[in-house]
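Inspection log for the structure reproduced underneath, given as structure tokens.
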Amino acid sequence: MAKKIFSGVQPTGNLHLGNYIGAIKNFVDLQNEPENNCVFCVVDLHAITLKQDPLELKNNIRETAATFIASGIDPTKSIIFNQSLVPAHSEGSWILSCIARMGWLNRMTQFKEKAGKDKEKASVGLYIYPVLMAADILLYDATHVPVGDDQKQHLELCRDIAQKFNNDYNVKDVLVPPEPLIQKQFSRIMSLKDGQKKMSKSDVSDLSRINLTDDKDKIVNKIKKAKTDPHPIPENVKDLDQRPEAENLLGIYSSLKRQSIEKTLEEFGGKNFSEFKNNLSELLVSNIEPISKEIKNLLNNHDHLDKILLDGGIKANEIAEKKVREIKKIIGF
Ligand code: TYM
């Protein structure tokens, strides 16, 4: 069945292996099923919910687009654009913020994490961030949204908003509640330094993550220093319980090899971590180094990247603007 795919990534620097395995790698697989229509967005309006330096933001927008392309997203097959080019996202977000309920937003765990202790000082944008995300998705009638596990709650909210709009205005399926596409395994890649913490661009330690711009030496060094435990690799999955670091590294290996964790345990069960780490480093280098080199190549030509984003923006604008017009008519504007 043909799917309408939409997903987004924030241009806040340090895109990492978690973004790749949890999201971007799946974008590429979905794009490569020819019947799918895919839109991939650099969500720069989301980025400014936390303060950004203007020059850095501009660079990060290009770098995120370059990462999409270097990972295999093809701008002749998929629409790639940055959100701020399409005014319908802001307009749609306002309208949907009048549909979403305070109680729904109060439950969002990511806001609580990002706002920290002093939530009075968080921006209002950070609070209504998931409403903008809902607008992103609903303006494209997306049927499927590939994301990592941490976005699950936001997608549930998006479905609630779509359903409430359709009910409130007594229209059928004007807003399409999307299906999340979250992999059963490997949808949450953890820090290399602490298997209980998500791999994240905001972690102060660069050793906690593999950046998609890391070269071979950095990758090898980070895997060498990655936290493990003193036991050998187990023979079966059950024995990975209470061993989050081992589970994470084996998960990364399995995901890149496109095989089950059981298969990986068949390969390495009983062996020690140093042998496994050599294999993991090799696999990571062969997957990530070509991406890292291509990102650098692409960033040498800003005009080329800007043109891809602009062309994508024109196509995205056509779709999203039409949807906002339909919504406004229903509302009575
Ligand atoms: P963002 O920019 O934080 O992350 C981009 C994608 O990477 C996934 N991800 C991970 N997956 C596995 N393990 C990890 N450690 C890890 N860290 C990040 C995220 O789940 C995400 O899929 N709100 C979104 C961006 C967004 C969006 C949208 C997504 C805005 N509008 C519409 C989908 C549809 C975000 O902040 O992602």
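The values are calculated or read from the model by the stated rules, or taken from the named source; none is laboratory data. Please read these numbers as outputs of a predicted model, since none were measured by experiment. Because the Cβ atoms are built from the backbone with ideal geometry, glycine has one as well, and the counts that use them run over all protein chains shown. Protein only, heavy atoms only, side chains kept; ligands, DNA and RNA dropped before computing areas. Shrake-Rupley method; radii C 1.70, N 1.55, O 1.52, S 1.80 Å.
At q = 0.16 Å⁻¹, what log₁₀ I(q)/I(0) does a Debye calculation on the Cα points of the chain give, no solvent, two decimals?
Ignoring solvent entirely, the Cα scatterers give -1.40.
For a quick check of understanding: with a 1.4 angstrom probe and all protein chains in place, what accessible area in square angstrom does Arg243 have, to the nearest ten?
Solvent-accessible area, nearest 10 Å²: 30 Å².
Please work out how much length the chain gains when fully extended from Asp303 to Asp217, using 0.36 nm per residue of separation minus the C-alpha to C-alpha distance, in nm with one decimal. Please report the intermediate quantities before stating the final value.
Values: separation 86, 0.36 × 86 = 30.96 nm, distance 3.04 nm.
So the chain would gain 27.9 nm between Asp303 and Asp217.
Do any chymotrypsin sites (Phe, Trp or Tyr not before Pro) in segment 158-204 lie in a DSSP loop with no more than 16 other beta carbon atoms within 10 Å, and if so, which?
Passing both the DSSP loop test and the Cβ count: Tyr169.
Taking the solvent-accessible surface of protein heavy atoms with a 1.4 Å probe, what is the per residue accessible area of segment 206-297 in Å²?
For segment 206-297, the solvent-accessible area averages 50 Å² per residue.
Given the Cα-Cα distance of Glu318 and Lys296 and 0.36 nm per residue of separation, how much length would full extension add, in nm?
Full-extension gain reported as 4.8 nm.
So which of Lys25/Lys58; Lys257/Lys293; Lys25/Lys119; Lys25/Lys114 end up more than 28 Å apart by C-alpha?
Lys25/Lys119
For segment 206-297, take every pair of Cα atoms, bin their distances at 10 Å starting from 0, and report each bin as a whole percent.
The calculated distribution, bin by bin, is 16, 50, 27, 6, 0.
Would you mind checking which residues have amide H under 5 Å from Gly8's amide H? H placed 1.01 Å from N; only 5 or more apart, or other chain.
Cys41
For the chain, set up a GNM with springs between Cα atoms under 10 Å and report which of His302, His144, His46 has the largest fluctuation.
Taking springs between Cα atoms under 10 Å, the residue moving most is His302.
For segment 103-145 and segment 1-15, what is the separation of their C-alpha centers, rounded to whole Å?
Going from one Cα centre to the other spans 16 Å.
Leaving ligands, DNA and RNA out of it, work out the accessible area of Ile61 with a 1.4 Å probe and give it in Å² to the nearest 10.
Approximately 20 Å² of Ile61 is accessible to the 1.4 Å probe.
With θ set to phi - 60°, apply the Karplus curve 6.51 cos²θ - 1.76 cosθ + 1.60 along segment 245-256 and write out the HN-Hα couplings as whole Hz, x wherever there is a Gly or Pro.
Taking θ as phi minus 60°, the curve returns 5, 4, 4, 5, 5, 5, x, 4, 4, 4, 5, 5 Hz for segment 245-256.
Could you tell me the accessible area of His304 in Å² (1.4 Å probe, neighbours in place), rounded to the nearest ten?
90 Å²
Pop out the ³J(HN,Hα) list for segment 160-171 in order, Karplus 6.51 cos²θ - 1.76 cosθ + 1.60 with θ = phi - 60°, rounded to Hz; leave Gly and Pro as x.
With the stated coefficients, segment 160-171 comes to 4, 4, 4, 5, 5, 4, 4, 5, 4, 9, 6, 10 Hz.
Going through segment 1-52, which trypsin sites (Lys or Arg not before Pro) have at most 12 other Cβ atoms within 10 Å and a DSSP loop state?
Numbers: sites: Lys3, Lys4, Lys25, Lys51; in loops: Lys3, Lys51.
Counting only loop positions with at most 12 other Cβ atoms within 10 Å, the trypsin sites (Lys or Arg not before Pro) in segment 1-52 are Lys51.
Round to the nearest 0.05 the FRET efficiency obtained for Asp141 and Lys224 when R0 = 56 Å and r is the Cβ-Cβ distance.
Numbers: r = 47 Å, r/R0 = 0.84.
So the FRET efficiency works out to roughly 0.75.
Pick from Leu50, Leu250, Leu138: which residue has the top mean-square fluctuation in a GNM of the chain where Cα pairs under 10 Å get a spring?
Largest GNM mean-square fluctuation: Leu50.
Can you compute 3J(HN,Hα) from phi for each residue in segment 273-287, using the Karplus curve 6.51 cos²θ - 1.76 cosθ + 1.60 with θ = phi - 60°, rounded to whole Hz and x for Gly and Pro?
5, 5, 5, 4, 4, 4, 5, 5, 4, 4, 5, 5, 4, 5, 8
Using a 7 Å offset from the Cα along the Cα-to-Cβ direction at both Asp311 and Met1, what is the distance between the two label points in nm, to one decimal?
3.2 nm
Ignoring any ligand, DNA or RNA, what whole percent of the accessible area of the chain comes from carbon and sulfur when the probe is 1.4 angstrom?
Percent of accessible area from carbon and sulfur atoms in the chain: 51.
Quote to one decimal, in nm, the extra length available between Gln52 and Trp94 on full extension: 0.36 nm per residue of separation minus the C-alpha distance between them.
Full extension from Gln52 to Trp94 adds 12.9 nm.
R0 = 56 Å: FRET efficiency of Glu266 with Phe333, Cβ-based, nearest 0.05?
Once rounded, the FRET efficiency stands at 0.40.
Mind telling me which of Lys198, Lys307, Lys323 comes out most flexible in a GNM of the chain, alpha-carbon contacts under 10 Å?
Looking only at Lys198, Lys307, Lys323, the largest GNM fluctuation is found for Lys307.
How many percent of DSSP beta bridges within the chain run antiparallel, rounded to 5?
Antiparallel bridges: around 10 percent, rounded to the nearest 5.
Tell me, what is the FRET efficiency for Arg325 and Gln242 to the nearest 0.05, using R0 = 41 angstrom and their Cβ-Cβ distance as r?
With a Förster radius of 41 Å, E is 0.15.
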